[in-house]
Structure formats: structure tokens, C-alpha cells
């Protein structure tokens, strides 16, 4: 098994009003101090950004067996650090501590997006 050489972290962003947004951060393989930072949001709302991470532009792609990964030669993190944010609450691993009935229209999502 090959060793992972990429700096990655995951956590939750407290967006207020009980909203905890899950994210995965992937550091640039170039120069993280000077390379741009990209915020990736898959189309939606209510579409997990992990789809983009593992099937489009992330450093690894899921193999057809669904159990193993391979390096993505076209990963955007060759030249930028990327935050894959799952927004709004109840998208992917994001959630709300106060309610399970979270509004997901464009206006309410925009309030917590940035």
C-alpha cells in the first residue's frame, strides 16, 4: 500500500444558528503559502461536495471496485489548496443541532454560505 503524501484535514465549520458544515481541506501540492485557495461547492443546494472530491477534481479518484483509490493526474490541488464544503445543513455530513427541518431555498442557503 502506498503512503498518502497529501496534507488533508476534515472538521466542522460553525455557521451559526446550530448549523455545522462538514468540510475537507486538501493542501496544494505546489506552494501552499502562495497558491490560491479554492472553495468547492457542488451544484445544488443539497449536493455533497464529496462527489467533486472523489469523482472530479480531488487528489484521489475512487476505483471501479469501490474500495480503493488512485491518484488523479488532473487534480486541482496540484496548483491550489481546496476546501470541499458540504452546505447547507443536512447535506452530506453537515447537520443542524437545533432542527431537522432546515430551509434549503437559495435565499436561506446564501445566508450561511459565506
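Each value in this text was obtained by applying a stated rule to the coordinates, not by laboratory testing. Just so it is clear, the structure is predicted and the values come from calculations on it, not from any experiment. Backbone-built Cβ (ideal geometry, glycine too); neighbour counts: all protein chains shown.
Points worth noting:
- Put in line by how crowded their Cβ is, counting other Cβ atoms within 10 Å and starting with the fewest, 78, 64 read 64, 78.
- In plain terms, the residue of 35, 14, 65 with the fewest other Cβ atoms within 10 Å comes first and the most crowded comes last, giving 65, 14, 35.
- Beta-bridge orientation, region 8-113: approximately 80 percent antiparallel, per DSSP, counting only bridges with both partners inside.
- Sorting 84, 21 from the fewest to the most surrounding beta carbons within 10 angstrom yields 21, 84.
- With the convex hull drawn over the C-alpha atoms of region 8-113, the volume per residue is 112 Å³.
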